Structures are given as structure tokens and as C-alpha cells.
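What follows is a short report on a single structure.
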Amino acid sequence: MSTGSWWPGARLVAGRALAEGGSSKSWRIVTLLMLLAGLAVAIVPRLLGSQTPQYTLGVVGDVPAGLSTQLQGAAALGDFTVNIATYPDAAAAEQAVRDGDADAALVETDGAGTLYVSADGSATFPAIVSQAVLADRITTTLQGYGLSATEIAAIRATPPPEQVPVGKVANEGRAAVGMVVGIVLYLTLILTGTTIATAVATEKTTRISEVLLAVLRPTQLLVGTVIGVGVLGLAQVAAVGVPAGIAVLTGSSFDLPTAAVGDIALGLVWFVLGICVYAFLFAAMATLVQKVTEVGSAILPVNVLLIGSYLLAVIVTIQDPNSPVSVAASLFPFSAPLVMPVRWASGLVPAWQLGLAFVLAAGAAVGLALLASRIYARGLTLSGRRVKLREAISG
């Protein structure tokens, strides 16, 4: 049978799978939930608005101009806001801290000073205030020694050591996106695979497949079913990924880096590769059953591979993306569709490893499709009993 006459049959099977799956109530509910999750990523950050920390400093009397300048400079660098509240005396300032109306209270007398801080509050803001007070006093002392404002400014302009953030991932927000991508891929792959297996088992046990085999090849049935249900699964992934990607691209999603958009798009690619790796196996194993109720046990080996890959992604790879186990799992064709998206989002993966993972997964998909076609064709023709995997392969 030529390619030209082979494809129309597979396309008809795919269209049938799309129509039946798309009209399924469960598919619509799951897709709606995924769409809502994707929209939440875009909308919730806008509803929350700015979460810039705010601190209140209580003072007695006037605030020295130098101290105010120091505090505002620190606030600009640290991305927080400082409010100044004035109190009539030290007792009132202390009570404000005790009541939670102020995060700290500064009382200065004759060049000395007392800083009241909450016993159960954060030590960060009091430390900033202490440094600001010290810097202001050093400036006053230098002026007392006769240094000009220009000389003092030159001393204060001495740059601090450059801070270079380092860690197991390049960006925590992007790594979190990668983890979410891995979870979504796992859920959609296992749901899509189970749907394919159930559809195949139903067709076999109701003998619909025998009618279809009278006019179609087994490979047409197999490929058409995988394409049809796979497109439905891809739609579910897109329902989450597209709104989330737009939210990141427009800067409305928790200040995530724009590189996260590429990670989300890469998740769609890995879903397609994951379907190519796993879906044919799901379909093939489903042909071994005698009853639809046996589908769960028949596809258990495939589910074990998926679950094991998911656990590697969210437990091992999240903790250390460049450990030997993470690297190996991201290249191994069965685990790569779930592990590599998570590892790639760490920002520390060489591009050649991503390319190698693509090649290995695609090659494995071709080999598995050929093996699954053999099992599928043999399994559909053997009815009335449970078929052993060895029998289907060697038959």
C-alpha cells in the first residue's frame, strides 16, 4: 500500500479519535481546569499588585538630613519603602515599636543614640538603620576634621564588593517554571496514554477493531489513534502554556525572566516527543487485554517508567540539575521528556546536551513505534484470552 493511500485511512482514524475524545465530558473538564490554571498565572499577579516591603522608623524630634539620605539610598537599592513617624518622647517611640506601629524607633541624645527594635521582628531593617546612623555620624566626624564635602563624597564613593549570585540554578523563578512544566507534562502524558490504551482496549473487546481491520492496516489504526488522542493532549498542554507564556512575555507573571517563555514552548515540543516515545507503547500494551478492566495492569510497566521519570525530575533534578544522575536521566529517551525540561530551566545546561536529548528521544520513538506496531498488529488478531507480551512480539 503506497503512502498516498495509507495516510487517508490513518487520517480518518485520527479524526474519529479527535471527535470522540473532544466530545468527552472528562476531557472538557480537564482542559477547562488547565486553561483556568494558565489564566491564573496571567491574572493573579495583576490582582496582587506590588508587594514592595514597607518599614516604619519612629524618631523623636527632627530627622538628620544625612540619615534620611542614607535610608532613602538603602531603600532604593533594596527595593523597599521607608516611612518616618515622629513621636514626642522616647517612651512614646518605644511604645510604638511594642504595639507594632513602628518597625524600629531611633532616639538620639547628645551624639549617642538608642534604637528600639521588636523582640520578635525581623533584624534586617534595624541593621539597615544602624548602618545609616553610623554612616551619618562618620560624615559628621569627617566634617569636624576639616574635610570638604567633595572629599567626604569621594570617600563615600568607594564601591563595595560586587555581588555575584551563584547557585545550583541560574534563576529561581525560571527553575520554578521548569518544575511546573514537568508536572504538567507528567499529568498530560499519563492521561493521554491512559486514554489511548482505553480506546484501543475498548475497540478490541467490542470487536470494533475487527471491522476496522477489514478495510485498514493495523499501523493505520495505531498511528491514527495516537495522532488523534495526542492532539487532544497537546491542546491541554497549550491551554496551560499559552496564557502562562503570554503572561511572562508581558511582564505580568511574578517578575519571571523572559527565558521562561522559551522553557514553556520547549515543554510543548517535549510533549510531542513524549507522546512519540510513550503513546505507541500504551496502545500496544492495551491490545494484550481480554477485558477493558485489565487495561490498568497491562499498561503498568509503561506507567512505572513515566512515574519513575517524574520522580527523578521533581526530586533529584530539582535539587541538583547537573548531578550525574540528572544528566543521565535528561538524556535517556524514556525519562528525557520529563527530566530535560526541568533541567533546562536551571539555565546551566549546555545546548549540545539538549540537542543530543532530542536526537536520542526521536530515535527511540522510531524504534518503539516499529516494535509497538508489531505488538499492536499481533494483539488485535488474538482475541478471547489475555495475550502474553512475549507471544505478541515473537508471533
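Listing for the model above:
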item	result
Only listed residue being of a type outside the set (Val, Ile, Thr), loosely packed, with under 13 Cβ neighbours inside 10 Å and modelled with pLDDT of 80 or more, chosen from SER2, SER23	SER23
Residue check for ALA132: at pLDDT 75 or above and assigned by TED's automatic domain parsing to the domain that holds VAL316	no
Selected residue (only one of GLY379, GLY308, GLY395 is modelled with pLDDT of 90 or more and either more than 21 Å from ILE264 (Cβ to Cβ) or in the same structural domain as VAL180 (by TED's automatic domain parsing) (or both))	GLY308
Condition broken by THR86, with the remaining ones in (1) under 14 Å from ALA132 (Cα atoms); (2) surrounded by fewer than 18 Cβ atoms within 10 Å (Cβ to Cβ) satisfied	(1)
Unmet criterion (only one of (1) in contact with a Ser or Thr (Cβ under 8 Å, 6 or more places away or on another chain); (2) surrounded by fewer than 17 Cβ atoms within 10 Å (Cβ to Cβ); (3) under 19 Å from GLU172 (Cα atoms)) for GLY308	(3)
Criterion (closer than 16 Å to ALA40 by Cβ and either modelled with pLDDT under 80 or not aromatic (Phe, Trp, Tyr) (or both)) met by exactly one of ALA247, ALA259, ALA265, ALA235	ALA247
Residue selected from the range 317-373 under the condition part of a helix (DSSP H, G or I) and touching a Pro at 6+ places or on another chain (Cβ under 6 Å), by the criterion surrounded by the fewest Cβ atoms within 10 Å (Cβ to Cβ)	LEU360
Inter-residue pairs, beta-carbon under 8 Å, first assigned by TED's automatic domain parsing to the domain that holds LEU380 and closer than 12 Å to THR287 by Cβ and in the range 203-224, second β-branched (Val, Ile, Thr) and buried (at least 19 other Cβ atoms within 10 Å of the Cβ), 6+ apart	LYS204/THR287; LYS204/VAL289; THR205/VAL289; SER209/VAL200; LEU221/VAL13
Qualifying residue in the range 84-106 (condition: farther than 30 Å from LEU185 by Cβ and modelled with pLDDT under 75)	no
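The values are calculated or read from the model by the stated rules, or taken from the named source; none is laboratory data. Keep in mind that what you see is a predicted model, and the values were worked out from it rather than measured. Heads up, the Cβs are rebuilt from the backbone with ideal geometry, glycines too, and the neighbour counts pull from every protein chain shown.
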